[in-house]
1. Check whether at least one residue in the range 593-601 is modelled with pLDDT of 80 or more, surrounded by fewer than 18 Cβ atoms within 10 Å (Cβ to Cβ) and of a type in the set (Val, Ile, Thr), and report yes or no.
2. Determine which member of the set Thr377, Thr389 is touching a Gly at 6+ places or on another chain (Cβ under 8 Å), open to solvent by 20 Å² or more (accessible area, probe 1.4 Å) and under 30 Å from Phe171 (Cβ atoms).
3. Looking at the range 528-546, is at least one residue without any contact (Cβ under 8 Å) to a residue 40 or more places away in the chain, part of a loop (DSSP other than H, G, I, E, B) and under 22 Å from Leu87 (Cβ atoms)?
4. For the structure I just gave you, tell me whether Ser239 is without any contact (Cβ under 8 Å) to a residue 60 or more places away in the chain and of a type in the set (Ser, Thr, Tyr).
5. Could you list all residues from the range 178-195 that are among the aliphatic types (A, V, I, L, M), part of a helix (DSSP H, G or I) and modelled with pLDDT under 85?
6. Which one of these is assigned to a loop (DSSP other than H, G, I, E, B) and either modelled with pLDDT under 80 or of a type in the set (A, V, I, L, M, F, W, C) (or both): Leu87, Leu73, Leu164?
7. For Phe218, indicate whether it is in contact (Cβ under 8 Å) with a residue 12 or more places away in the chain, surrounded by 12 or more Cβ atoms within 10 Å (Cβ to Cβ) and among the aromatic types (Phe, Trp, Tyr).
8. Residues to consider are Val302, Val292; find the one that is open to solvent by less than 20 Å² (accessible area, probe 1.4 Å), modelled with pLDDT of 80 or more and under 30 Å from Gly186 (Cβ atoms).
Amino acid sequence: MSFSRNVISGVLTRLFRRKSMARESLELNTSQLARVLTVWDLTALGVGSTLGIGIYVLAGTVAKTQAGPAVILSFFVAAVASLLAGLCFAEFGARVPSCGSAYVYCYVTLGEGLAFLMGWNLILEFVLSTSSVARGYSGYVDQLLGNPMRNYFRENLSMGVEFLASYPDLFAFGLVLTLTAILTLGVKESTRFNNIFTLCNLCIVSYVVVCGCFKVDFHNWQIRPEEIIDPNVREKAGSGGFLPFGFKGIIAGAATCFFGFQGFDTIATASEEAQNPRKTIPLAICMCLGIVFVAYSAMAAVLTLIWPYYLQDIDTPIPYAFEQLGWPVARWVVSIGTLFGLSTSLVGALFPLPRIVYAMAEDGLLFKALARINFTTLTPMIATIVSGTAAALFACLFNLQDLVDLMALATLFAFALVAACIIVLRYQPEENITTASESGEVTGLLAGVVQNQIRYVSDSSVESQTMLRQLFVLRGRLPTGSSGKAASWLTVIYVLVALALSLSLSYTADLLVEKETWAVALVGSLTAILVLLLVAIHRLPQSPQQLAFKVPLVPLLPALSIFINAYLMVNMRMVTWVQYSIYMAIGLSVYIVYGWRNSKEETRMQGKYDVNYDVK
């Protein structure tokens, strides 16, 4: 029995061991990467990552099929959801401005096991993002030229394998490798390229909005169904007016529009190359989301005002609308702008990928060679080449249309986990947040609770009573170890109940409309439990630590972010969850075989202190 307890305790210790913020800050101050990025560089990087081809396609698609002119409200809802996640990233950027982004946030909060899964998750997100953008770039250029590449490759290089693309896209392969070479030249050179293309992209968006203002017709927001002549079109146009598909259409459109805001988290991965990152990272994230929301909303408003929502072209809505209005020149201007948007999206997708790999390798969770810095360019050269080559192969060989949902699922998982980290960290005592544990105690917040239950079974009731008493103390007290553990457990329970409520809402939506008693009771009960959990967390004392930026209304805003992301996740297709589970299982195998034993925290546990962040 004692042997089993020791084994379980050892496993939990390793899964939940945390990286100290004090050591992380010391490593940050001695970073070998070049600190050259200003707040404008970071904002441009985020805007470029976010405003890709979606700015020219998304508004028309959502307006025609989901929300109508109310697509503006869909973008607003999506912007709020993104802002909630952005605020969480901003606070962590102020706390731990490291190039590992959400991976490092998890490492200092929830422990090594979840941190590895988060890093592995981010690698998937950015590899798929890079590959899909490169594939889309290739297809768009090919279409402008009359599809010569597609016709040649299909005729001469057809692969005929079910799970691969019909032909290898050598243009996409070369495009990613070229960008990889640019990134190895240095971060300043890469961001200069990105800044120029982002500025050009915003100029094209401004051109479309200004030109569209001369063709605005507010009647397009007030069209009645009887005004639509074609009966087939009328059948699909909803009830007309500004809300043709009702509130449900706004929410459905918001789920699609949400993915148009993906990319701002790229800013957090550049922390070790940013000037004064504790201030510039939060500011750049908020500026990025503001610019993106204004751009999307302006484009959506103009597009639905110059051309009826039910006549929008799904593939190329803006060129089509201007062509119908007798302005064919605008079609070519928008086509050029699309190439600018794709170029900045490609940079934004590939830029953070080697930095995630570098951060994990630096901590010993991936192969050490990937953490080597080129001292001429001050970039993670090997990580850039390896990750760029992997993304190029994906872009060349795989048809990524079916994997877009997989990328979205990976992003939602990252956003939800970061929000949970904010709640956990905000309620920890000061010594747990800012100091390293030099006495060898490196277990995480959750591990401490679990191990206490294993090692000290006889004291479990006393420990539980201590944590329960924390729920009834007055606000204003400083957090203690017990209150911190209570916050951790309550957050875990909240996440589980949020998932249960999301599943219930997803599978009983029709029954709720029909006011089925058991469905209403189930959803009502789960909602009440969520509210009680939030009240319980709110009553716990928060850390008084002063930061350059802090998420307001904690735990409410992070809790909303968790719930929104959980709801979007449970609505993904089952095949997407199967694919995601297989990928994460592979990552878990890598951690067990290599990362577990080579982690820097394992070295610390064995008493072998690394001079990079410890002086014995």
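1. Yes, there is a match, as at least one residue in the range 593-601 is modelled with pLDDT of 80 or more, surrounded by fewer than 18 Cβ atoms within 10 Å (Cβ to Cβ) and of a type in the set (Val, Ile, Thr).
2. Sole residue among the options that is touching a Gly at 6+ places or on another chain (Cβ under 8 Å), open to solvent by 20 Å² or more (accessible area, probe 1.4 Å) and under 30 Å from Phe171 (Cβ atoms): Thr377.
3. Among the residues of the range 528-546, at least one is without any contact (Cβ under 8 Å) to a residue 40 or more places away in the chain, part of a loop (DSSP other than H, G, I, E, B) and under 22 Å from Leu87 (Cβ atoms), which makes the answer yes.
4. Spelling it out, Ser239 is indeed without any contact (Cβ under 8 Å) to a residue 60 or more places away in the chain and of a type in the set (Ser, Thr, Tyr).
5. Passing the criteria: Ile182, Leu183, Val187.
6. That would be Leu164, the only listed residue that is assigned to a loop (DSSP other than H, G, I, E, B) and either modelled with pLDDT under 80 or of a type in the set (A, V, I, L, M, F, W, C) (or both).
7. In short, no.
8. Answer to the check: Val292.
The values are calculated or read from the model by the stated rules, or taken from the named source; none is laboratory data. Note that the structure is predicted; figures quoted are calculated from it, not measured. For neighbour counting, all protein chains shown are included, and Cβ atoms are generated from backbone atoms with ideal geometry for every residue, glycine included. Accessible surface areas use protein heavy atoms only, side chains included; no ligands, DNA or RNA. Shrake-Rupley method; radii C 1.70, N 1.55, O 1.52, S 1.80 Å.
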